[in-house]
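No value in this document is a laboratory result; all are computed from the given coordinates. Every value quoted in this text rests on a predicted model; they were computed, and no experiment measured them. We place every Cβ from the backbone using ideal geometry, glycine too, and count neighbours over all the protein chains shown.
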Amino acid sequence: MSRVVRIDEGALEVALKYGKNLSLGIMQMEEMIGKHEKAKRDYTAIEEMVRRTVREELEVLTARY
């Protein structure tokens, strides 16, 4: 399906850096954003695991003294 759309020239220029046409550029950018968001969620989960481990170790150490 094709549509005629109006788009700012700057936005078209950006999209064409990611794909050979507007549609492919937008799809590529969407895929990259999705990967970034997943990586960010993974990083947040790992960060929380590290915090929890450090907290537990500190509790063990302080309980000894």
**Item:** Percent of alpha-carbon pairs separated by more than 16 Å within the stretch 9-64
**Value:** 62 percent
**Charge dipole magnitude, Cβ of K and R +1, D and E -1 - the stretch 9-64, Cα centre, debye nearest 20** = 120 debye
**Prompt:** In whole Hz, what ³J(HN,Hα) sequence does the stretch 31-41 give by Karplus (6.51, -1.76, 1.60; θ = phi - 60°), x for Gly and Pro?
**Reply:** 5, 5, 5, x, 5, 5, 5, 5, 4, 5, 5
**Complete:** To the nearest 10 degrees, the tilt of helix 9-18 (Cα long axis) against the first principal axis of the alpha carbons of the chain is 60 degrees
**Prompt:** What's the exposure ranking of Leu22, Leu61, going from fewest to most Cβ atoms within 10 Å?
**Reply:** Leu61, Leu22
**Complete:** Per the helix-only model, the chain has a calculated mean residue ellipticity at 222 nm (DSSP H runs of ≥4, -39500 (n - 2.57) each, divided over all residues, rounded to the nearest 500) of -29000 deg cm²/dmol
**Prompt:** Counting other C-beta atoms within 10 Å, which of Leu24, Leu58 has the fewest, and how do the rest follow?
**Reply:** Leu58, Leu24
**Prompt:** Which listed residue (Val5, Tyr18, Ala63) has the Cα farthest towards the positive end of the charge dipole for the chain, taking +1 on Lys and Arg C-beta and -1 on Asp and Glu C-beta about the Cα centre?
**Reply:** Val5
**Prompt:** Of all trypsin sites (Lys or Arg not before Pro) in the chain, which ones are in loop regions per DSSP and have a Cβ with at most 10 other Cβ atoms within 10 Å?
**Reply:** Arg3, Arg6, Lys20
**Complete:** Cross-link reach from Lys40 to aspartates and glutamates, straight Cα distance under 13 Å and at least 8 residues apart if same chain, gives Glu48
